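Peer 1: One structure follows; several queries about it will come next.
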Amino acid sequence: MKINSIEVSIQKLEIEQVEGTLIMYDSISKKIIVFNETASFVWNIVTESERTNDNINTCEIVDKISQKYNVSEIEQTKIRNDVEEILKKFFDSGLFQPIY
Amino acid sequence: MHNIGEYTYDPDRFIFYKNSFETEVVEKICNHLEKNSDYEELKEKLENYDAHEVNIKAGAVSRAGVCLTNNCNLRCNYCSDTSSEGNKESLELEDVLTFVIDVMKRWTMTKFITGKEEPLSLYFTGGGEPTYNWSLFEKIIPTIKKKCKENGIPLSLGITTNGMLDDSQREFIAEHFDTIMVSYDGLPEIQNKNRHSTLHSHTAEVVEKTIKFFSNNKPSLTIRTTIWQDDFEHMKDMADYIFDKFGNSIEWSILPVIPTGRALKRIRTEQKNLREYNFLNFYLETIEYIKLKRGSLNISTPIFPNSIISLYCGAISIFCSCLWLLPNKTIVTCIESRDLKTTIGRIEKNKVEYFDKCSDHLLRVYQQKFSECRNCIAYRFCKGGCPARHLMNKNLKTEMDDWECSMIQKYWTYVFRHILSGEKCFGWHVVPVEIDEIKDYNVLKLDRTE
């Protein structure tokens, strides 16, 4: 699948969801990653797209979040910033790995 | 090394060998048996921390506790919290739920790390009486159970109560709780003397009815008897009364009064008599008496930890294994440490906030006791003991610390003497070391079966 036109593979980790928070465990590095609610939502959107073999981009993610929470245009700008930050963290931490 | 009759006890290897052995023989034995390295490992970890400024890392836990209120309908004459009524600080449903959801997440981390799915253990105790605000209590419990169920988290609920409950309250607790501890002081007259209500009215009848109900409806029931020094001599009568009245399947846990809260003044006055009130002897005699009369029953005391441990205290912030939510909405690592609590976070506007750093008095004492107690016969079993109790005794200038320490040492000397004469004692026994090179020296190893 592609995220923002970048071909990526998503790291397969053990995942549990508790009250909207995603908790992931990398059994090789023994690291635990806890996402906040927004990051959990972004992760769910991306992995759902991967499951259905669709590509996705930041705008589509922001739209989905805006629809769910019924947010104003001003708030959308903030959400966009958050989503960009979250996707960057996913790439930086190796959860999303670009395929070259 | 410690001499027990004709044997020497080597605590680093948990072995016993004859005192009469020459140095070369002892060296040969030691060379063939690996030394336990947990002391050095833990020492290195402990030395790396500055107890005055510890970085808080609230991580995985599988146990947590909630102290709903400091209010209580009883005025027990030794209450360590001096609980009464009219305290304004009390948790609300939202506070407890916020805390429990955070704990549920930490339980999930534990599940990942251990690969095991033991139930999340959630305990309700005091401070005051957890059931004091019954309408809140009966809302909270089903809400927590529902939340855990929705998230697929197995839950085990426990409670310590004073037992002043009516029929519908007893039914509710029996339905929802997996482990129950009821405080009852062994004999009706002692219960009525120690654990009376505001107007000094008697409580034995109601509490006995509660225990009777739970003993018929709940498999895991413990009676906790807190006992004043001058009542130690009634321990056998208490044992007979409790097992006759409530059956042999209950657990009876005995705790000598500790010098805090309402007990402090009297303990200070009477502490010169502490050694005369020998808890250990009365305890051992009671166990022996019950064993002869009824067979082996479940009697215990938190004073004598009964296993080999690598760490005594999970309440110091760096090893925190259980989080506690208090009525003032703070999160602490230990419920027993009274004014010396290590506060690591709080509930603020329905969110859990953990602090970045804390000052940990308990860690400071633990570091100190860890080295000081290294050469004690009981060291492998108590690792310096409870840091909160040490600190309280020191600050309050009581002699309870020495008293407790000397009892624990005597307890282990007693256990070792018995197992070396071929008996089994509190689950402990010795087995011969089967290594060919040292087989002829009849070295014995400490072992335990539950």
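Peer 1: Of (1) part of a loop (DSSP other than H, G, I, E, B); (2) surrounded by 20 or more Cβ atoms within 10 Å (Cβ to Cβ); (3) of a type in the set (Val, Ile, Thr), B:ILE308 satisfies all except one. Which?
Peer 2: (2)
Peer 1: If I filter segment B:136-177 down to residues being closer than 19 Å to B:GLU92 by Cα, more than 14 Å from chain A (Cβ to nearest Cβ) and among the aliphatic types (A, V, I, L, M), which single residue comes out as farthest from the chain's Cα centre (by Cα)?
Peer 2: Going through the qualifying residues, I end up with B:LEU136.
Peer 1: Looking at B:LYS57, B:LYS116, can you tell me which residue is surrounded by fewer than 18 Cβ atoms within 10 Å (Cβ to Cβ), farther than 24 Å from B:VAL352 by Cβ, within 14 Å of chain A (Cβ to nearest Cβ) and under 25 Å from the mean Cα position of the chain (by Cα)?
Peer 2: B:LYS116
Peer 1: Moving to a separate point now. In segment A:1-60, what residues are in a loop (DSSP other than H, G, I, E, B), on the phi < 0 side of the Ramachandran plot, within 12 Å of another protein chain (Cβ to nearest Cβ) and surrounded by 12 or more Cβ atoms within 10 Å (Cβ to Cβ)?
Peer 2: A:LEU13, A:PHE35, A:ASN36
Peer 1: What number of residues within segment A:7-49 are under 13 Å from the mean Cα position of the chain (by Cα), more than 16 Å from A:LYS89 (Cβ to Cβ) and without any contact (Cβ under 8 Å) to a residue 60 or more places away in the chain?
Peer 2: So the count comes out to 2.
Peer 1: Within segment B:263-305, track down each residue that is of a type in the set (Asp, Glu) and part of a loop (DSSP other than H, G, I, E, B). Explain how you work it out, then say what you get.
Peer 2: Within segment B:263-305, the subset of a type in the set (Asp, Glu) is B:270, B:276, B:285, B:288.
Once the filter is applied, which keeps residues that are of a type in the set (Asp, Glu) and part of a loop (DSSP other than H, G, I, E, B), segment B:263-305 yields only B:GLU276.
Peer 1: Among the residues of segment B:177-193, is any without any contact (Cβ under 8 Å) to a residue 40 or more places away in the chain, in contact with a Leu (Cβ under 9 Å, 6 or more places away or on another chain) and more than 20 Å from B:LEU74 (Cβ to Cβ)?
Peer 2: no
Peer 1: Out of B:ASP230, B:ASP237, report the one residue that is modelled with pLDDT under 95 and in a helix (DSSP H, G or I).
Peer 2: B:ASP230
Peer 1: Filter segment B:240-297 for residues that are aromatic (Phe, Trp, Tyr), within 30 Å of B:LEU396 (Cα to Cα) and modelled with pLDDT of 90 or more and give the result.
Peer 2: B:TRP252, B:PHE279, B:PHE282, B:TYR283
Peer 1: Further question on the same structure: Return yes when A:GLU75 is away from chain B (no Cβ under 14 Å), at pLDDT below 90, surrounded by fewer than 17 Cβ atoms within 10 Å (Cβ to Cβ) and not in a loop (DSSP other than H, G, I, E, B) and no when it is not.
Peer 2: It is true that A:GLU75 is away from chain B (no Cβ under 14 Å), at pLDDT below 90, surrounded by fewer than 17 Cβ atoms within 10 Å (Cβ to Cβ) and not in a loop (DSSP other than H, G, I, E, B).
Peer 1: Consider B:ASN31 against the criteria (1) more than 14 Å from chain A (Cβ to nearest Cβ); (2) in a loop (DSSP other than H, G, I, E, B): it satisfies all of them except one. Which criterion is unmet?
Peer 2: Every listed condition holds for B:ASN31 apart from (2).
Peer 1: Restricting attention to segment B:77-98, does a residue exist that is at pLDDT 90 or above, of a type in the set (Lys, Arg) and not in a helix (DSSP H, G or I)?
Peer 2: No - not one qualifying residue is present in segment B:77-98.
Peer 1: In this structure, is B:ILE173 under 17 Å from B:PRO327 (Cα atoms) and of a type in the set (A, V, I, L, M, F, W, C)?
Peer 2: So B:ILE173 does not fit the description; no.
Peer 1: Just to be sure, is B:LYS111 part of a helix (DSSP H, G or I), surrounded by 15 or more Cβ atoms within 10 Å (Cβ to Cβ) and in the same structural domain as B:ARG262 (by TED's automatic domain parsing)?
Peer 2: yes
The values are calculated or read from the model by the stated rules, or taken from the named source; none is laboratory data. Nothing here was measured: the structure is a model prediction, and the numbers come from that model. Positions of Cβ are generated from backbone atoms using ideal geometry, with glycine treated the same way; all protein chains shown enter the neighbour counts.
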